[in-house]
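A.B. asks: Before I ask anything, let me first share the structure, which is written out below as structure tokens.
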Amino acid sequence: MDLNKVFEERRSVNFFNPQKQIEEETLKNIINLAVLAPSAFNLQPWELIAVQSEEAKNKLFPLTGNQPKIKEAPVTLIVVGDLEGYKPENTAWNDLEIMLNNKQALENYQKNAYSLYGTTKERSIKFAESNAGLLAMSIMYAAKYYGVDSHAMSGIDFDGINKAFSLGESKTVVMLIALGYFDESRKLYPRRSRKSYYDIVTKV
Ligand SMILES: Cc1cc2nc3c(=O)[nH]c(=O)nc-3n(C[C@H](O)[C@H](O)[C@H](O)COP(=O)(O)O)c2cc1C
């Protein structure tokens, strides 16, 4: 599928076929393609919880305002941002350490990352959520490429999900993405219009 088609055919699918599972291999392919998303310092401050079991779906469902797709979609990903992903403990620094082969140069990068993303709560939230948001979009396009439909959700109880899935204070729930296959017996609402180049671009 070419890139235009991926963009044109991705829709937020409200109705998933509950009988049609996603193969484990397909889910792996989607995620391993999506992780090519860019991130600040390549720190990849993100994690995914794949909600698949009946028990986990039942836990998530009321925290989404009872959105039926949680129960119908075979998988819902909780996209989690790491508020402390700028810290030296993040293993994403490891390959840079090898590339630089210079302890001082690595520490300079890490100090820079701390001053950009670690000095206020607002900065760390921006860091975690902007980067994890790019992963989320990549997942939805990668899914379409592999023939899998998706639906992002942020009409959810972020703190409730954080607690229910024991994510802890250093993590922020960014959004949910339901993944599965459109229920062909239902009708998808028409695609809403988009603002265009002239609406959103200001040349300065
Ligand atoms: C971050 C984000 C959060 C969203 N939250 C919800 C939601 O909680 N419930 C819902 O029904 N749709 C949700 N949507 C879907 C949007 O309504 C949908 O993307 C938009 O109407 C455009 O439709 P399209 O994706 O089919 O082009 C969300 C989309 C995004 C990107």
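A.B. asks: Hey, GLU84 hits all of (1) over 16 Å from the mean Cα position of the chain (by Cα); (2) exposed (fewer than 15 other Cβ atoms within 10 Å of the Cβ) but one; which does it fall short on?
C.D. replies: Result: GLU84 passes all but (2).
A.B. asks: Among the residues of the range 34-51, is there at least one that is within 16 Å of the ligand (Cβ to nearest atom), hydrophobic (A, V, I, L, M, F, W, C), farther than 17 Å from LEU135 by Cα and part of a strand (DSSP E or B)?
C.D. replies: Yes, some residue in the range 34-51 is within 16 Å of the ligand (Cβ to nearest atom), hydrophobic (A, V, I, L, M, F, W, C), farther than 17 Å from LEU135 by Cα and part of a strand (DSSP E or B).
A.B. asks: Something else about it: Looking at (1) in a helix (DSSP H, G or I); (2) away from the ligand (no atom under 16 Å from the Cβ); (3) within 22 Å of ILE70 (Cβ to Cβ), find the lone condition where GLY147 falls short.
C.D. replies: (1)
A.B. asks: So which residues in the range 180-204 are surrounded by 13 or more Cβ atoms within 10 Å (Cβ to Cβ), more than 14 Å from the ligand (Cβ to nearest atom) and not in a loop (DSSP other than H, G, I, E, B)?
C.D. replies: Listed by number, the list holds a single entry, GLY180.
A.B. asks: Can you give me the number of residues within the range 27-46 that are surrounded by 16 or more Cβ atoms within 10 Å (Cβ to Cβ) and not small (Gly, Ala, Ser)?
C.D. replies: Total meeting the criteria: 10.
A.B. asks: Could you please find all residues in the range 150-162 being of a type in the set (S, T, N, Q), within 12 Å of the ligand (Cβ to nearest atom) and not in a loop (DSSP other than H, G, I, E, B)?
C.D. replies: Once the filter is applied, which keeps residues that are of a type in the set (S, T, N, Q), within 12 Å of the ligand (Cβ to nearest atom) and not in a loop (DSSP other than H, G, I, E, B), the range 150-162 yields only SER150.
A.B. asks: Please name all residue pairs, on different chains or six or more residues apart, with Cβ atoms under 9 Å, provided the first residue is in the range 169-186 and is of a type in the set (Asp, Glu) and the second residue is part of a strand (DSSP E or B).
C.D. replies: Pairs found: ASP183/PHE16.
A.B. asks: Among the residues of the range 31-52, which ones are farther than 30 Å from GLU107 by Cβ and over 12 Å from the mean Cα position of the chain (by Cα)?
C.D. replies: ASN32, LEU33, VAL51, GLN52, listed by residue number.
A.B. asks: Considering the range 63-117 alone, what residues qualify as being charged (D, E, K, R), assigned to a helix (DSSP H, G or I) and closer than 22 Å to LEU134 by Cα?
C.D. replies: ASP95
A.B. asks: Moving on to the next point. Has the range 136-157 got any residue that is among the polar types (S, T, N, Q) and free of Cβ contacts under 8 Å to residues at least 24 places away in the same chain?
C.D. replies: Yes, there is a match, as at least one residue in the range 136-157 is among the polar types (S, T, N, Q) and free of Cβ contacts under 8 Å to residues at least 24 places away in the same chain.
Read-outs throughout are calculated quantities, based only on the coordinates presented, and are distinct from any laboratory measurement. Since we're looking at a predicted model, the values are computed, not measured. When we count neighbours, we look across all protein chains shown, and the Cβ atoms used for this are built from the backbone with ideal geometry, even at glycine.
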